[in-house]
Amino acid sequence: MIMSYIEKASDATLALSRRVCHIEGLSSIVIGHTECGGLIRVFLAWEGLPESHLNGKLPLGIHDHQYGIEITVLSGEIVNTIYEINNQGRMLNHFIYHHSGRASKVGFNYIGIKEQQYGESFQMVASDIHNVFALKRSSWIVEEGPVVQEETNLWSPDTAVTCSNGFYESRDELVKHVRKFYGNHNSVWRR
């Protein structure tokens, strides 16, 4: 499935992919566009993603999106945690990402867990604040809906945020990376 999308994707689409996306060990492969112009991305969590409970490090910050999303698990197992701003959670720094790509620290909020979702597929509206952790090596596809808000929010214990780069050098490098991730599990990347 993933390889057929990669084979059909333009070089410009694949160029949006990142070997390192947000944190080390998480890759984002852009394989196409939704009807409304959003991206279709496959995320590869190489060794799983650390559990991001509020009392932990939160390596992947709590965030919302510019658009609604649908997440479908391809392999492994992920947990989608939905959070809410409240008065009894953990105090986290609040950053706003502007459409220009720069982030501004705007204060802090108390954040608490609203619900944890387990399963094969999740749908969220743009204003839902969440993060994902993978219990083991896992992959999932994210399909973006139409843009409904210009800015996005991130909550993190860090006092500053940086954006990762780690782009792929070529289509061949990206294909090798995907094949390495799935190994002998051709049914996921080849169907």
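When Gly68, Gly119, Gly89 are checked against the criterion of being at pLDDT 80 or above, within 20 Å of Arg41 (Cα to Cα) and out of contact with any His (no Cβ under 6 Å at 6 or more places or on another chain), Gly68 stands alone in meeting it. Which residue pairs have Cβ atoms closer than 6 Å, lie 6 or more positions apart in sequence or on different chains, and pair a first residue in region 141-154 that is in a loop (DSSP other than H, G, I, E, B) with a second residue that is surrounded by 13 or more Cβ atoms within 10 Å (Cβ to Cβ) and β-branched (Val, Ile, Thr)? Sorted first by the residue in region 141-154, then by its partner, the pairs are Glu151/Ile96.
Checked against (1) at pLDDT below 85; (2) loosely packed, with under 15 Cβ neighbours inside 10 Å, Gly48 meets all criteria but (2). The condition of being under 30 Å from Tyr110 (Cβ atoms) and at pLDDT 85 or above holds for only one of Leu26, Leu54, Leu14, that being Leu26.
Does region 101-108 include one or more residues that are in a strand (DSSP E or B), free of Cβ contacts under 8 Å to residues at least 60 places away in the same chain, touching a Leu at 6+ places or on another chain (Cβ under 9 Å) and of a type outside the set (A, V, I, L, M)? The answer is yes; a qualifying residue exists. Among the residues of region 1-43, those that are in a strand (DSSP E or B), hydrophobic (A, V, I, L, M, F, W, C) and under 19 Å from Ser138 (Cβ atoms) comprise Cys21, Ile23, Leu26, Ile29, Val30, Ile31, Ile40, Val42, Phe43.
Working only within region 1-38, note down all residues that are surrounded by fewer than 17 Cβ atoms within 10 Å (Cβ to Cβ), aliphatic (A, V, I, L, M) and closer than 22 Å to Val132 by Cβ. The answer is Met1, Leu16, Val20, Ile23.
In region 103-142, the residue that is farthest from the chain's Cα centre (by Cα) out of those that are over 19 Å from Cys21 (Cβ atoms) and surrounded by 19 or more Cβ atoms within 10 Å (Cβ to Cβ) is Asn109.
The values are calculated or read from the model by the stated rules, or taken from the named source; none is laboratory data. Predicted model only: the values in this text are computed from it and were never measured. Neighbour counts run over all protein chains shown; Cβ positions are idealised from the backbone, glycine included.
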